[in-house]
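The values are calculated or read from the model by the stated rules, or taken from the named source; none is laboratory data. From a predicted model like this one, the values you see are computed outputs, not experimental measurements. Glycine also receives a Cβ, built like all others from the backbone with ideal geometry; neighbour counts cover every protein chain displayed. With ligands, DNA and RNA removed, areas are computed over all heavy atoms of the protein, side chains included. Shrake-Rupley method; radii C 1.70, N 1.55, O 1.52, S 1.80 Å.
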Amino acid sequence: MLKQLLPAIRATIILSILTGLVFPITVTIIAQFLFPKQANGSLVYNKTGQIIGSQLIGQQFVQPQYFHPRPSAAGTGYAGEASAGTNLGPTSAKFILGQLDDKNTKDIDKSFAGIKQLSENYVKENCLSSTELPPVDAVTRSGSGLDPDISQINALYQARRIAKARGLSLQTIASLIKKHSQDRQFGILGEPRVNVLSLNIALENLDHE
Amino acid sequence: MTLIGCLQIIIYSLLLLVITKPVGFYMTQVMEGEKTFLEFVLGHLERMVYRMSGVNPQEEMHWTTYTYSLLTFSLIGALFTYTILRLQGILPFNPMSFSTAVAPVYATSMTPDLAFNTAVSFTTNTNWQNYSGENTMSYLSQMLGLAYHNWISAAVGLAACTALIRGFARQSVTTVGNFWKDLVRSLLYIFFPITFVYSLFLVSQGVIQNFAPYTVALTVEGIKQIIPQGPVATQEAIKMLGINGGGFFNANSAHPFENPTPFSNLIQMLSMFILPAGFTYMFGKMVKDTRQGWALLAAMFILFILGTFICYYFECRGNPNIRVQHVETSTNVLGDLGGNMEGKEIRFGLADSALFATITTDASCGAVNCMHDSLTPLAGLIPLLNIQLGEIIFGGVGSGLYGMLIFAVLTVFIAGLMVGRTPEYVGKKIEQKDVKMAMLFVLAGCFSILIFTALGSVLELPNKSSINVPGAAYNNVNNTGPHGFTEILYCYASSTGNNGSAFAGLTGNTPFYNITSAIAMLVGRFFMMIPALALAGSLVQKKYVPPSSGTFPTHGGLFVTLLIGVILIVGALTFFPALTLGPIVEHFLMHNSKLF
């Protein structure tokens, strides 16, 4: 085995430099040249040039005049430095019924909104009738906690709330949703969806017109 | 299940079958040492690597020398990574100052046991991660410490499998090839060119590739949001192609910066299977009977497609506990965005998530685009069972095919027992020593998975114990009831199988889990690779026996059926009791609205 030691060390050094440094640095230079926007995170700027987020990373919206994203398990919600799902299983009581904060541990907030609370809130917020049920994507958390999209039906259910909060017609909002919906890629791959950030920026621009 | 969902699965399958032959043909060219069309670009580099490493690529190795080289090289690699991880605080490419005094508040510290677990995990091609990349690893640790192994461990697996194929293909010799030559040629001619194009494709879809510190955005509602950055695309590409699966970010391929579009998702799924699929063709080509390779591919494909549809079906059926909370889950209304959407991304929906979960565990990849912990019980059983069967349904780079060949050896052995003839496989007599090696391979896996799971399920430790802060080993689960048991079982199945996906609710970053799962990974890698190489050493010395009228043909439907039978019976006999305690009982409890 000793005879193999020297080649092993030398090969490790040279191959690690090739694969671990030369390769990623070369690709970075080419990528920055070919696709500068994507390579730097598809960042979105406001009119004054400030970064307001990324096209690909979901962000938190709680105010009634905005479309709300799905609930998120990343940190306190859409924390970019802490991507995560809940990792709760289908028979978890916490997942379905939620959890109250433990009063004994003052520094840690253990409260957790289960499907039950999320569903009730969604119905109340959006004034759903008794025949309208919240779509499942509106009450479940994504795998990354940073899902930028919601389903079209989720967006449509939220439209009434937004129309009321902004004093716009329902039709205006509905056509905006339609305009900002993405179909399946090449008509077949993935799922139709609406990017929440794009939609909310479009709402803001509507006000300014 | 929806029509469009099934259609996506079928499109994937067709693409896979179409590219199998060209990929396999090219792999054969490279590994047989023939000149390829890239020779004029990479030939100089290849010779330079040999020269600087001080190896003679022409020297043919006995299987023991081959194994020593491989082991020494893996050991040095593990030490190398351990060192980088421990020293990342003082090394360059650390814009977020991880492991330093000025690290951000959300940073996790790189403890010795975590560094050990991670170094073993990446060396063994497992990529089990007890850390979150975005708050633990510097860019140097990611590129040089971790992604280095994504390249190397894949190339090592490819080399080992090539050696076993030579065992079948050569006759009456003692040598199985040259480890260094196999390693370097596969790296330069297979992994480099594909990863290069693949990385740039990923960037075009939105995967980031830079060395900038994290961006701070002020969101529309005026909240601060940290947007992570880093050299993700290169690491993502080799992570998928090398079937490693260790994500740059905690959320892995569910993270929009790792897998931003359905198209990037399709290519990621294809890239997990192309090399193992190509390997079956390469096997057929090298033993000079391509039908043998197609037979193995057929067995793999049948098991794969079955698993996919079972997983997809149960995800579409969803979770009745969600439904009773007045939520619309029907796929008739919502299409592939109904059913069980917990832990899934909208852009992928049910079909692409179920397909990805099956592929990543058939292959020994372990990248995830949905959270396996949140799958419905029987849908979650499929990834678990795929791993337990030994990751031979396509499987890892090399490790998949050598695992499948071992099952092929067992199949002809069992068939031989039934008719009372000495078994043969592709012209080699299978004798006592060969069957012993094959059984060692099978038993090492079962032993590691079941013994460690038992330990994790019962071990009592004092509260706040230094080796496991939550106390007893079973306290680390995120879900109680049968689901908690499944988390532990999945942890050791995944680490033994060198998969790396997780029922990620389990708190793995404690000395107890870091060390036991690292041992499971080492057993799963080397106690399977060494018997495979020993088998190569034994087979290579044998003469070729031309098929006679009494030879059991190993390229037809009967063999494929028997092979699938042997795989399922060995898997079922070993793991059925454990599976009943986990996902199977949970399935019935879920339908009776029992919560834990």
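Simple rule: put +1 on each Lys or Arg Cβ and -1 on each Asp or Glu Cβ in chain A, find the dipole, and look at A:GLN32, A:GLY98, A:GLY80; the Cα lying farthest toward the positive end is A:GLN32.
Select from segment B:1-109 those GluC sites (Glu not before Pro) which occupy a DSSP coil region and have at most 11 other Cβ atoms within 10 Å, ordered by residue number. In loop regions of segment B:1-109 (DSSP not H, G, I, E or B), the sparsely surrounded GluC sites (Glu not before Pro) are B:GLU34.
In this structure, the pairs whose alpha-carbon distance is over 22 Å, taken from B:LYS285/B:LYS543; A:LYS47/A:LYS178; A:LYS94/A:LYS116; A:LYS116/B:LYS594, are A:LYS47/A:LYS178. Shielding by partners for peptide B:74-83, expressed as the average number of C-beta atoms from other protein chains within 10 Å of each residue's C-beta, is 3. Cross-link partners among aspartates and glutamates for A:LYS3, C-alpha distance below 17 Å, same-chain residues fewer than 8 apart left out? Partners found: B:GLU59, B:GLU60. Computed from backbone phi, the HN-Hα couplings of segment B:503-513 come to 7, 6, x, 4, 7, x, 8, 10, x, 4, 6 Hz, rounded to whole numbers (Karplus: 6.51 cos²θ - 1.76 cosθ + 1.60, θ = phi - 60°; Gly and Pro given as x). Interface burial in segment B:129-147, defined as at least 20 Å² less accessible area with all protein chains than with the chain alone at a 1.4 Å probe, covers B:GLU134, B:MET143, B:LEU144. Remark: mean inter-chain Cβ contacts per residue of B:212-219 equal 5, using a 10 Å Cβ-Cβ cutoff to other protein chain atoms.
Computed from backbone phi, the HN-Hα couplings of segment B:153-158 come to 5, 5, 5, 5, x, 4 Hz, rounded to whole numbers (Karplus: 6.51 cos²θ - 1.76 cosθ + 1.60, θ = phi - 60°; Gly and Pro given as x). Where only DSSP H runs of four or more residues are counted, chain B gives -19500 deg cm²/dmol as its mean residue ellipticity at 222 nm, each run worth -39500 (n - 2.57). Dividing the convex hull volume of the alpha carbon atoms of segment B:452-560 by its residue count gives 150 Å³ per residue. Values of log10 I(q)/I(0) for the protein assembly as shown across q = 0.05, 0.07 Å⁻¹ run -0.25, -0.49, by the Debye formula with one identical scatterer at each alpha carbon and no solvent.
At a probe radius of 1.4 angstrom, the accessible area of chain A per residue rounds to 45 square angstrom.
Taking the 1.4 Å solvent-accessible surface of segment B:178-306 as the whole, the part contributed by carbon and sulfur is 69%.
The charge dipole of segment B:153-238, taken about the Cα centre with unit charges on the Cβ atoms of Lys, Arg (+1) and Asp, Glu (-1), comes to about 400 debye, rounded to the nearest 20. Does chain A come out rounded, prolate or oblate by the C-alpha gyration tensor, with a ≥ b ≥ c the root eigenvalues, rounded set by a/c under 1.5 and, if not, prolate when a/b is larger than b/c and oblate if not? Oblate, since a/c reaches 1.5 and b/c is not below a/b. Could you pull out every one of the aspartates and glutamates with an alpha carbon less than 19 Å from that of A:LYS110, ignoring same-chain neighbours closer than 8 positions? Correct list for A:LYS110: A:ASP101, A:ASP102. Contact residues in segment B:581-596 by the 20 Å² criterion (accessible area, 1.4 Å probe, full protein complex versus chain alone): B:GLU586, B:LEU595, B:PHE596. Between B:SER97 and B:PHE201, the FRET efficiency estimated from the beta carbon spacing at R0 = 35 angstrom works out to 0.65. When you count the other C-beta atoms within 10 angstrom of each residue and take the mean per peptide, A:140-147, B:178-185, B:450-457 line up highest first as A:140-147, B:178-185, B:450-457. Over the C-alpha trace of segment B:114-256, radius of gyration and Dmax come out as 18.4, 74 angstrom. Only one residue of B:ALA254, B:GLY343, B:VAL523 has its Cα farthest out toward the positive end of the dipole of chain B, where Lys and Arg carry +1 and Asp and Glu -1 on Cβ, and that residue is B:VAL523.
Whenever you get a sec, compute what percent of the accessible area on chain A sits on carbon and sulfur atoms (1.4 Å probe). Of the solvent-accessible surface of chain A, carbon and sulfur hold 60 percent. If you take the Cα centroid of segment A:29-71 and the Cα centroid of segment A:138-167, the two points sit 17 Å apart.
In segment B:39-68, the residues whose accessible area drops by at least 40 square angstrom when the other protein chains are added to the isolated chain are B:VAL49, B:MET52, B:SER53, B:TYR68; the probe is 1.4 Å and only protein heavy atoms count. Applying a threshold of 31 Å to the alpha-carbon distances of A:LYS37/A:LYS164; A:LYS37/B:LYS35; A:LYS37/B:LYS239; B:LYS21/B:LYS436; B:LYS21/B:LYS239; B:LYS35/B:LYS428 flags A:LYS37/A:LYS164; A:LYS37/B:LYS35; B:LYS21/B:LYS436 as lying beyond it. The per residue volume of the convex hull around the alpha-carbon atoms of segment B:335-426 is 119 Å³. Please calculate how many Å² of accessible area chain B carries per residue, with a 1.4 Å probe and no DNA, RNA or ligand atoms counted. Heavy-atom SASA per residue in chain B reads 31 Å².
Starting from the Cα gyration tensor of segment A:39-144, take the square roots of the eigenvalues, sort them a ≥ b ≥ c, and report rounded, prolate or oblate (rounded when a/c is under 1.5, otherwise prolate if a/b is larger than b/c, else oblate). Oblate, because a/c is 1.5 or more while a/b does not exceed b/c. At 20 °C and a viscosity of 1.002 mPa s, what translational diffusion coefficient does Stokes-Einstein give for segment B:191-253, taking Rh as the Kirkwood radius over Cα pairs? Give it in µm²/s as a whole number. Diffusion coefficient, whole number: 167 µm²/s.
Given +1 at the Cβ of Lys and Arg, -1 at the Cβ of Asp and Glu and no other charges, the dipole of segment A:3-110 around its Cα centre is 280 debye to the nearest 20. Atom-type composition of the exposed protein surface of segment B:1-89 places 70 percent of the accessible area on carbon and sulfur (1.4 angstrom probe). The rule of thumb for compact globular proteins, 2.2 N^0.38 Å, goes into the C-alpha radius of gyration of chain B 0.94 times. Each of B:ILE267, B:MET404, B:ASN125 was placed along the dipole of the protein assembly as shown (beta-carbon charges, centred on the mean Cα), and the one lying farthest toward the positive end is B:MET404.
Counting, for every residue in A:27-36, the Cβ atoms of other protein chains within 10 Å of its Cβ and taking the mean gives 6. For A:SER54, the residues 5 or more places off, or on other chains, whose built amide H falls under 5 Å of its own are A:VAL44.
Interface size, chains A and B: roughly 8800 Å² of accessible area buried, both sides included, 1.4 Å probe, rounded to the nearest 100. Along segment A:190-204 the Karplus relation, 6.51 cos²θ - 1.76 cosθ + 1.60 evaluated at θ = phi - 60°, assigns HN-Hα couplings of x, 10, x, 7, 10, 7, 5, 5, 4, 5, 5, 5, 4, 4, 4 Hz to successive residues, with x for each Gly and Pro.
The packing ranking of peptides B:563-572, B:504-513, B:305-314, highest mean first, is B:504-513, B:305-314, B:563-572, where packing means the average number of other beta carbon atoms within 10 angstrom of each residue.
The radius of gyration of the Cα set in segment B:1-142, together with its Dmax, comes out at 21.6, 58 angstrom. Using the Cα gyration tensor of segment B:352-500, with a ≥ b ≥ c the square roots of its eigenvalues, what is the shape: rounded (a/c below 1.5), prolate (a/b larger than b/c) or oblate (neither)? Because a/c hits 1.5 or more and a/b exceeds b/c, segment B:352-500 counts as prolate. Let me know the charge dipole size of segment B:22-276 about its Cα centre in debye, to the nearest 20, where only the beta-carbon of Lys, Arg (+1) and Asp, Glu (-1) is charged. Using only the charged Cβ atoms, the result is roughly 240 debye. When the inverse distances between all different Cα atoms of segment B:529-588 are averaged and flipped, the Kirkwood radius reads 15.3 angstrom.
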